[in-house]
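Here is the structure we will look at, set down as structure tokens.
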Amino acid sequence: MVNILVVEDEQSITKLLKETLQIEGYQVTIVLNGEDAVQFALREIPHLIILDVMLPRRYGLSDMDGYDVILKLRSHPKTMHIPIIVLSAFGAPADIIRAYERDVDGFITKPFDMEELLALVRRQLRRVQQSCLSPLTGLPGGLQVVRAINYKLGNVDPWSILYLDLDNFKAYNDVYGFLTGNEMILLVGRICQRAVYEYGNSDDFVGHIGGDDFIVVTTPERAEALCVNISDSYKKESASLYHSEDLIRGSISGVDRKGRPYQFPLVSLSIGVVNNQLCRPHSIQEVSYLAAEAKRNAKLSTSNISYISSPRDKVSSECSSTISSSLTNHALSFSSSGLTLDDLFYFSEEGFMAQYEQQVH
């Protein structure tokens, strides 16, 4: 169900908005001040926010008006994609310009027409689904993933990145069909979100890189608990996506690329972990290499979890130079954000990794 956050302290308006939006089938949460709005948005990631820019002070905390809320949410990769519709009693051109300069998605002046507001809500929900979120999982993808990594690289706070990938997924998809394959991808997305909600930080980021690849951005002290919970949950919950005979046998009956009968292993979930404590990447290219390397190690591990965390795993200046040289040779073009989603996939390709390892080892 679509969750809409309403940030408004006027009781008559909150009552009207809640009743009307619920009739339309939306789940509605009301908060009364800016601090609570930011905390709720980071924790729950609402699909859309309706925000009064004139908000009351909350005793004991710094004053935060609606414009401050917008700036906070737009600066964080976990919430920057959420559509924000401003409600305001002030409709002068200067007020409207001020709101749009802070990248709001709609501005409606009080008193407002409810049908106009509902039309804007529907339009913005369609827009964000089409442009920012994975059409399958509804998780941030593409540029949002790049921004989330660059956001961490831009400060000195400790971070860890979990790179998740399904092993033997193609064989499963071929035997069970793409619809059941989609169910498995959706399952991984739900497990990641639930684990972060229960064991992560309020601002931890979950993204869908594409296909069966996911990413979780968290802090080092939370990484192990997240890995264990995600891995254990996947092993338990994925059992419902197999035929009983495959579960009993522990493998999937299929054919290889030459059409020969073959027993494929059940699909496992590998998690590679990178942090910036012992190894400190300076670019998203280095993060992408390390994450891909950790994931490859996880596929070879009995636990399906691998950490790039020892001094010998550090990316040296020589490695960084080699990455730069390889990028030049392959004539990759980077956007102003630093990297595109296609480039993220490029760095995880086996061919590039093998070539890279030959150069640096």
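The values are calculated or read from the model by the stated rules, or taken from the named source; none is laboratory data. Here the structure is a predicted model, which is why all the values come from computation and not from measurement. FYI the Cβ positions are ideal-geometry reconstructions off the backbone, even for glycines, and counts take in every protein chain you see. Accessible surface is based on the protein model in full, side chains and every heavy atom, while ligands, DNA and RNA are left aside. Shrake-Rupley method; radii C 1.70, N 1.55, O 1.52, S 1.80 Å.
Computed from phi, the 3J(HN,Hα) profile of the range 196-204 under the Karplus parametrisation 6.51, -1.76, 1.60 (θ = phi - 60°) reads 5, 5, 8, 10, x, 8, 5, 9, 4 Hz, with x in place of Gly and Pro.
Say the cut-off is 24 Å between C-alpha atoms; which of Lys236/Lys295; Lys170/Lys236; Lys152/Lys235 go over it? In this structure, Lys152/Lys235 lie more than 24 Å apart at Cα. Candidate cross-link partners of Lys15 among the lysines, defined by an alpha-carbon separation under 20 Å and a same-chain spacing of 8 or more, comprise Lys110.
Amide H contacts under 5 Å for Leu266: Ile252, restricted to partners 5 or more places along the chain or on a different chain, H placed in the peptide plane at 1.01 Å from N. Lys299: which aspartates and glutamates have alpha carbons under 19 Å from its alpha carbon, excluding same-chain residues fewer than 8 sequence positions away? Reachable aspartates and glutamates: Asp165, Asp167, Asp212, Asp213, Glu224, Asp232, Asp313, Glu349, Glu350, Glu357. Scalar couplings 3J(HN,Hα) for the range 210-226, obtained by applying the Karplus form with A = 6.51, B = -1.76, C = 1.60 to θ = phi - 60°, are x, x, 10, 9, 10, 9, 10, 10, 9, 10, x, 6, 9, 4, 5, 4, 5 Hz; x denotes Gly and Pro. Report Asp9's accessible area, 1.4 Å probe, all protein chains in place, as a number in Å² to the nearest 10. Around 70 Å² of this residue is reachable by solvent.
Sparsely packed loop sites in the range 44-135 (the chymotrypsin sites (Phe, Trp or Tyr not before Pro) outside DSSP H, G, I, E and B with at most 13 other Cβ atoms within 10 Å) comprise Tyr59, Phe90. When the GluC sites (Glu not before Pro) in the range 20-111 are filtered for DSSP coil states and for at most 11 other beta-carbon atoms within 10 Å of their beta-carbon, no site remains. The orientation-averaged projected area of the convex hull spanned by the Cα atoms of the range 93-163 comes to 7.5 nm². Straight-distance candidates among the aspartates and glutamates for linking to Lys18, with alpha-carbon spacing under 13 Å and chain neighbours fewer than 8 residues away dropped: Glu8, Asp9, Glu10.
Among 191-201, 240-250, 281-291, sorting by the average number of other beta carbon atoms lying within 10 angstrom of each residue, highest first, gives 281-291, 191-201, 240-250.
Evaluating 6.51 cos²θ - 1.76 cosθ + 1.60 at θ = phi - 60° for every residue in the range 85-99, the Karplus couplings come out as 10, 8, 10, 8, 7, 10, x, 5, x, 5, 5, 5, 4, 4, 5 Hz, glycine and proline recorded as x.
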